[in-house]
1. Scan the stretch 13-60 residue by residue and report those that are hydrophobic (A, V, I, L, M, F, W, C), surrounded by 10 or more Cβ atoms within 10 Å (Cβ to Cβ) and over 18 Å from I2 (Cβ atoms).
2. Of the residues that make up the stretch 2-23, is at least one at positive phi, of a type outside the set (S, T, N, Q), assigned to a loop (DSSP other than H, G, I, E, B) and within 15 Å of the chain's Cα centre (by Cα)?
3. Within the stretch 31-47, take every residue that is within 19 Å of the chain's Cα centre (by Cα) and among the charged types (D, E, K, R) and give me the one that is nearest to I21 (Cα to Cα).
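Read the figures in this text as sums done on the coordinates, not as results from a lab. Please read these numbers as outputs of a predicted model, since none were measured by experiment. Cβ placement follows ideal geometry from the backbone for every residue including glycine, while neighbour counts extend to all protein chains displayed.
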Amino acid sequence: MIQEFAEKFRQEAGSIKCWQILGLPEGPSEPVPEYHTPEYLERRPCPRCVETAARILDEFLEAHGYSEA
């Protein structure tokens, strides 16, 4: 089940690895902290990835017989 979920997310997001989704190079990095302004949050894909994961999980649960009571 996890592999199916991961593959669906990979198809939609392009990867299941944050550094790849963020377009960062592989390997160690030295991140520079930034203020979480609206502009900063707008260019980060994280909220969209969480939304995608939640939707995929909802579809997966519904397809496997789990639904809201």
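1. Going residue by residue through the stretch 13-60, those that are hydrophobic (A, V, I, L, M, F, W, C) are 13, 16, 18-19, 21-22, 24, 32, 41, 46, 49-50, 53-54, 56-57, 60.
Narrowing further to those that are surrounded by 10 or more Cβ atoms within 10 Å (Cβ to Cβ): 13, 16, 18-19, 21-22, 24, 41, 46, 49-50, 53-54, 56-57, 60.
Correct list: W19, I21, L22, L24, L41, C46.
2. Yes, the stretch 2-23 has at least one match.
3. Residues of the stretch 31-47 that are within 19 Å of the chain's Cα centre (by Cα), as a first pass: 36, 40-47.
Still in the list and also among the charged types (D, E, K, R): 42-44.
Numbers: E42: 15, R43: 12, R44: 10 Å.
Restricting to residues being within 19 Å of the chain's Cα centre (by Cα) and among the charged types (D, E, K, R), the top hit is R44.
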